[in-house]
1. Is it fair to say R102 is out of contact with any helix residue (DSSP H, G or I) (no Cβ under 6 Å at 6 or more places or on another chain), more than 16 Å from ligand 1 (Cβ to nearest atom) and part of a helix (DSSP H, G or I)?
2. Check G41, G51, G63 and return the single one that is of a type outside the set (V, I, T), within 22 Å of L199 (Cβ to Cβ) and either more than 16 Å from ligand 1 (Cβ to nearest atom) or touching a helix residue (DSSP H, G or I) at 6+ places or on another chain (Cβ under 9 Å) (or both).
3. Which condition breaks for V220 when tested against (1) more than 16 Å from ligand 2 (Cβ to nearest atom); (2) modelled with pLDDT of 95 or more?
4. Restricting the search to the range 145-187, which residues are at positive phi and surrounded by fewer than 19 Cβ atoms within 10 Å (Cβ to Cβ)?
5. Answer yes or no as to whether L197 is surrounded by fewer than 21 Cβ atoms within 10 Å (Cβ to Cβ), closer than 27 Å to D68 by Cα and touching a Pro at 6+ places or on another chain (Cβ under 9 Å).
6. Restricting to the range 85-117, name every residue that is crowded, with 16+ Cβ neighbours inside 10 Å and aliphatic (A, V, I, L, M).
7. Which one of G38, G46 is closer than 30 Å to L266 by Cα and in contact with a Leu (Cβ under 8 Å, 6 or more places away or on another chain)?
8. Could you tell me whether the range 56-65 includes any residue that is aliphatic (A, V, I, L, M), in a loop (DSSP other than H, G, I, E, B) and free of Cβ contacts under 8 Å to residues at least 12 places away in the same chain?
Amino acid sequence: TDVSKSFPIGGYFQKGGRRKVRILNDVSLDVYEGETLGLVGESGSGKSTLGRTLLRLYDADSGKIEFDNLDISAKNRRELRPLRSKMQMIFQDPYSSLNPRRRIGDLIADPIRIHGQASERDIQVRLRELMDMVGLSHSFLTRYPHEFSGGQRQRIGIARAIALKPKFIVADEAVSALDVSVQAQVINLLMDLQDELGLTYLFIAHDLSVVRQISTRTAVMYLGGIVEIGTTDDVMHKPAHPYTAALISSVPSHDSTVSKSPRIKLQGDLPSPLTPPSGCRFHTRCPFATAKCAAEVPLPRDVGSGRMVACHFPIN
Ligand code: SF4
Ligand code: MG
């Protein structure tokens, strides 16, 4: 609720404080138990920062983060420890997050050992169980990351993420580096594991077609704020925010007979978060912008059937 996050960028203001850039701007978002919430937006919109801030890998400047009805925003490292196992992350490139000099079995067992929950014998049993769950051979456990393909490495990353039986997983561009056919396999695996383990996902991706395959609801982010949230069907077929419509138009397979959205071509680049536009942050690129848009921040409003949109003149 109302989560903001900025980072120092080097240098100081004349008055003495450090210069900062604000990457999250009063973001409010619910993720419901058992769902997959897709999070889309151009690179630089703040998606990864939001995912990491929710998991308390970054400390928010302000706002409140609740997990399982528990306020985790003010908890310190020690208090967070028992919760860490419940919240995990899957990264885009598991290769860079897997130490190349360590065996797969050790890499997957790390989180279990760190949390000190099991005997070595139990760990070996659990490792085999995890390999079965992600569809990899037990013989891989004694091998090294470089011996595997991108898809296999992502399965290893997933095994590591589920090792502690989490409830909530942030998948940040988890399939973006993979070929389309491998993407589909990894998405299927994530969906199977969700059913089996009762997982909740925040699925971050810049690729809308990937998000459409896996997400029940979709949230759209622009320059540090959520501009639209709704069921994936609604958001993809009847976008209410002009920015969502523009994102959908940019997908090559955009079929105007299926989508009721107008074709909108995105002009220019994402403005710098150092100097965000006044009023609606999208007004510098929006074909429907009026004087009001540059002057007044559009507050998120409920437009029915669980849809939220932050725009003075929503479409559809
Ligand atoms: Fe476009 Fe105005 Fe809506 Fe912003 S508030 S998206 S500028 S119409
Ligand atoms: Mg990112």
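The values are calculated or read from the model by the stated rules, or taken from the named source; none is laboratory data. All figures in this text were calculated on a predicted structure; none of them were measured in a lab. FYI the Cβ positions are ideal-geometry reconstructions off the backbone, even for glycines, and counts take in every protein chain you see.
1. Working: out of contact with any helix residue (DSSP H, G or I) (no Cβ under 6 Å at 6 or more places or on another chain): yes; more than 16 Å from ligand 1 (Cβ to nearest atom): yes; part of a helix (DSSP H, G or I): no.
No.
2. Among G41, G51, G63, only G51 is of a type outside the set (V, I, T), within 22 Å of L199 (Cβ to Cβ) and either more than 16 Å from ligand 1 (Cβ to nearest atom) or touching a helix residue (DSSP H, G or I) at 6+ places or on another chain (Cβ under 9 Å) (or both).
3. Condition not satisfied by V220: (1).
4. Within the range 145-187, the first condition is being at positive phi, and the residues that meet it are 165, 173.
Selection gives K165 alone.
5. When the stated conditions are applied, L197 passes them.
6. Passing the criteria: M87, M89, I90, L98, I104, L107, I108, A109, I112.
7. G46
8. No: zero hits.
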